Amino acid sequence: MKNITVVGAGYVGLVTAACFADLGNRVIALDIDEAKIEGLKKGIMPIYEPGLEEMVSRNASAGRLAFTVSYPEALQESEFVFIAVGTPSGVDGEADLKHVQQAAESIAQAMKGPLIVVNKSTVPVGTGDWVADIIRAKQPEPIPFSVVSNPEFLREGSAILDFMNPARTVLGSLDPDAVEKVAQLHLPLRAPIVITDLRTAEMIKYASNAFLATRISFINEIANICEALGADVKEVANGMGYDPRIGPHFLEAGLGYGGSCFPKDVQALAHMAAEKGRNPQLLHAVIDINADRTRLLMERVREMLGDLSGKTIGLLGLTFKPNTDDMREAPSLEIARRLMKNNAVIRAYDPVGMERASDIMPELIMAEDPYVLAKGCDALIVCTDWNEFKHLDLVRVLRAMKQPVIVDGRNIYDPVELSRLGFQYRGVGRGYGPDGEPFEEAVY
């Protein structure tokens with residue numbers, strides 16, 4: 001059993017704290033947000049993540065997981081302190097490190113014995129050295145410490161599964177003893193451990209996210225071409241995915257990437273490259289293609305409805321992806337803003353994201369379920385591919401709508417089937433003839 005402190009009780013920090021506690025360690029999760037910590041002490045989760053509430057409750061009851069706002073309390077017996085605070089995008093796309101700086105300064109002032117400081121947050125290359133300089137400068141008296149980079153690769157909606165079953169663990173440091181101790185923490189996960197220097201470990205995280213974002217933008221570019229040529233991008237992606245050099249993952253055409261990682265990480269990597277005099281052409285193209293997705297969807301909506309003024313449009317899904325309540329960089333918000341500029345009436349339904357969405361856009365009209373949402377709508381737009389949307393009673397939806405128009409931003413429905421039911425349907429890159437109808441498969 002090791003004593004661990006995790007600074008930051010957001011998506012990464014809370015999952016990290018709960019999972020390390022579940023592995024048998026004694027963990028203290030620290031956050032400067034007093035309301036969040038008081039809620040956690042009462043079992044109230046600040047985020048929606050499948051399985052997290054049960055894991056937190058189980059480990060808190062067992063005495064392995066505690067919560068505090070006090071750095072001296074958290075660091076009293078800790079051997080490891082993980083920094084897992086937010087690093088949002090700044091004005092020019094750079095990562096904003098103010099929370100990392102605050103954490104490093106507070107650690108320096110509160111530590112009473114040797115520590116291994118582990119950067120879990122996604123931070124620009126060189127931040128590990130910067131954190132070490134801050135701690136060294138802010139210590140009231142010299143106390144030995146080491147800094148290790150341990151970037152996270154957690155997907156919202158499956159974060160616990162990802163933590164407990166990682167594809168790899170990346171560790172970066174110039175201190176072999178510190179790296180070995182952090183590696184020991186991860187041995188129960190039985191995954192390959194990649195050990196390198198600080199800067200390379202930090203770069204691995206950015207390069208990984210940028211590559212995945214590139215795949216998404218690539219398949220969306222292919223979707224645009226498929227629409228022009230009458231091909232079906234879902235079948236194209238399926239055929240590509242069988243090639244072991246390519247694989248099937250992150251080849252879902254749709255509204256593009258969102259959330260807390262891909263948008264800011266690609267921007268931050270492009271910013272770092274430009275600062276060093278490099279021209280990251282591919283990264284700029286990835287960003288531009290992604291930004292264009294909502295505009296193209298709006299073109300489809302206008303093609304099908306004409307003037308949007310006074311039209312009632314329902315949004316099926318609000319969160320940037322299913323199985324999370326995260327609204328950060330969610331395409332639904334930009335779609336709603338564009339529709340409102342065209343004087344449309346907007347309704348929305350999401351299984352878990354409506355409360356957070358209402359905080360951001362209180363003017364959105366929320367429906368209690370998809371069928372209430374559909375009543376009187378001139379069109380439905382699928383913004384999030386929640387499983388429950390894939391199994392709706394579409395005949396009931398059709399009867400409830402004013403006009404039977406569905407614009408499927410996530411390609412969860414079959415174009416031919418919806419056309420046969422009586423819908424006017426448009427997906428993303430699904431292949432349409434000159435009459436606007438989906439191509440039927442030829443029978444030989």
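Okay, here's what the table says:
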| quantity | calculated |
| --- | --- |
| Ratio Rg/Rh, restricted to the range 203-360 and using Cα atoms, in which Rh is the Kirkwood radius | 1.00 |
| D (Stokes-Einstein, µm²/s), Kirkwood Cα radius, the range 1-80, 1.002 mPa s at 20 °C | 178 µm²/s |
| Dimensionless Rg over Rh [the range 106-263; C-alpha; Kirkwood] | 1.11 |
| Cβ crowding within 10 Å averaged over residues, with 88-97, 211-220 ranked highest first | 211-220, 88-97 |
| Gln403 versus Glu73: modelled label distance in nm, points set 7 Å from Cα along the beta carbon direction | 5.8 nm |
| Cα gyration tensor of the chain - equivalent ellipsoid semi-axes, whole Å, descending | 44, 24, 19 |
| Mean Cβ count within 10 Å, highest first, over the residues of peptides 234-242, 27-35 | 27-35, 234-242 |
| Cross-link reach list, lysines versus Lys311, counting only Cα pairs under 22 Å and skipping chain neighbours closer than eight places | Lys341, Lys375, Lys402 |
| Overall dimensions of the range 205-290 as given by Cα atoms, namely Rg and Dmax in Å | 13.8, 43 |
| Calculated FRET efficiency for the pair Thr200/Asp288, C-beta based, R₀ 25 Å, to 0.05 | 0.30 |
| For the range 248-253, 3J(HN,Hα) per residue [Karplus equation, 6.51 cos²θ - 1.76 cosθ + 1.60, θ = phi - 60°, Hz, x = Gly/Pro] | x, 7, 6, 10, 9, 5 |
| Per-q log10 I(q)/I(0), the range 201-245, q = 0.22, 0.31, 0.33, 0.34 Å⁻¹ (Debye; single scatterer per alpha-carbon; no solvent) | -0.79, -1.04, -1.08, -1.10 |
| Arg338 versus Met45: modelled label distance in nm, points set 7 Å from Cα along the beta carbon direction | 3.2 nm |
| Along principal axes, Cα extents of the range 3-196, largest first, whole Å | 40, 38, 36 |
| Average projection area in nm² (convex hull over Cα atoms of the range 294-336, one quarter of hull surface) | 3.4 nm² |
| Per-residue [θ]222 nm for the chain (sum of -39500 (n - 2.57) over DSSP H runs n ≥ 4, rounded to 500) | -13000 deg cm²/dmol |
| Cross-link pairs beyond the 20 Å C-alpha cut-off, checked among Lys321/Lys390; Lys36/Lys321; Lys138/Lys276; Lys2/Lys112 | Lys36/Lys321; Lys138/Lys276 |
| Value in Å of the Kirkwood radius, where the range 292-426 supplies the Cα pairs that are averaged | 14.5 Å |
| Sites Asp414 and Asp177 - FRET efficiency at Förster radius 60 Å, r taken between beta-carbons, to 0.05 | 0.55 |
| Charge tally in the Cβ shell below 9 Å around Gln267, where Lys, Arg are +1 and Asp, Glu are -1, Gln267 excluded | -2 |
| Farthest positive-ward along the range 3-196 dipole, Cα basis, beta-carbon charges - from Val117, Val56, Leu14 | Val56 |
| Considering only the chain, percent of DSSP beta bridges that pair antiparallel, nearest 5 | 5 percent |
| Net charge dipole size for the chain [Lys, Arg +1 and Asp, Glu -1 on Cβ; Debye, nearest 20] | 160 debye |
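Readers should treat all values here as calculations from the given coordinates under stated rules, not as data from a laboratory. Note that the structure is predicted; figures quoted are calculated from it, not measured. Cβ coordinates were reconstructed from backbone atoms using ideal geometry, including for glycine residues, and neighbour counts include every protein chain displayed.
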